[in-house]
Amino acid sequence: MTIVRFDDAPVFDLSGVRIRGFASPARGAAETMTYRVELAGGQRVPDHTHDHEEVSQLLSGRWTVTIDGEDSELRPGDTAVIPAGVVHASCTLEGDEAVILTSMPVGTLLIRGDGERVAPPWSE
C-alpha cells in the first residue's frame, strides 16, 4: 500500500494551470492515475482528447466544461464523464476558481488539437 501525502505530490504547470499528481506508476498505482487540477479565474484548458475515458469531479469553485461542443457549468460535487476520443475543453470565468479531481487509466495519452499525442508528465 502506498500513501501519497498532499505536500509530497509533485506539482506540474500546464500553460499556467496547476496540476498536482497523486496516483501514478511512480507513486504506487498500476492501473489508475489521479491528479488535481487547479484553475485560476479566467483560465482555459484548450480543446483536446484522450485515448481513454476521463472522469473529473469538481471539488470546489465553478467550472465550465465543453464536451463535444456542449457547455455545461458544474458545481461542487458534480462529475464530468468524458468518453475516449471526444473533444473537450474547460474554463473558469474571471473571478472564479476551480479545483478538480481527475482520474484516468494509466497510460492514457493527451491528444492536442494539432494531433500531437503526449503522455502527461503527472501520469508517470
task: Treat every Asp and Glu Cβ in the chain as -1 and every Lys and Arg Cβ as +1, leave all other atoms uncharged, and give the resulting dipole magnitude about the Cα centre to the nearest 20 debye.
output: 380
message: Quick check: the distance between the Cα centres of the stretch 80-101 and the stretch 1-44, to the nearest angstrom?
response: 15
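How much length would be gained if the chain were fully extended between residue 93 and residue 1, taking 0.36 nm per residue of separation minus their Cα-Cα distance, in nm to one decimal?
Answer, rounded to one decimal: 29.2 nm.
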- request: Put one equal scatterer on each alpha carbon of the stretch 6-123, apply the Debye formula with no solvent term, and list log10 I(q)/I(0) at q = 0.19, 0.21, 0.24 1/Å to two decimals.
  value: -1.04, -1.29, -1.64
- request: Work from the charge dipole of the stretch 6-123 (Cβ charges, +1 for Lys and Arg, -1 for Asp and Glu, about the Cα centre) and give the residue of 34, 88, 109 farthest towards its positive end.
  value: 34
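How high is the relative contact order of the stretch 55-117? Use alpha-carbon pairs under 8 Å, at least six apart in sequence, and give a whole percent. Intermediate results must be reported in sequence, preceding the final value.
Values: 103 pairs, mean separation 24.7, N = 63.
Across the stretch 55-117, relative contact order equals 39 percent.
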query: Taking the chain as a Gaussian network, Cα atoms linked when under 10 Å apart, which of 38, 54, 73 shows the biggest mean-square fluctuation?
result: 73
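A short reminder: the numbers here are calculations on the coordinates, not readings from a lab. Nothing here was measured: the structure is a model prediction, and the numbers come from that model. Counting neighbours? That spans all protein chains shown, and the Cβs are built from the backbone with ideal geometry, glycine included.
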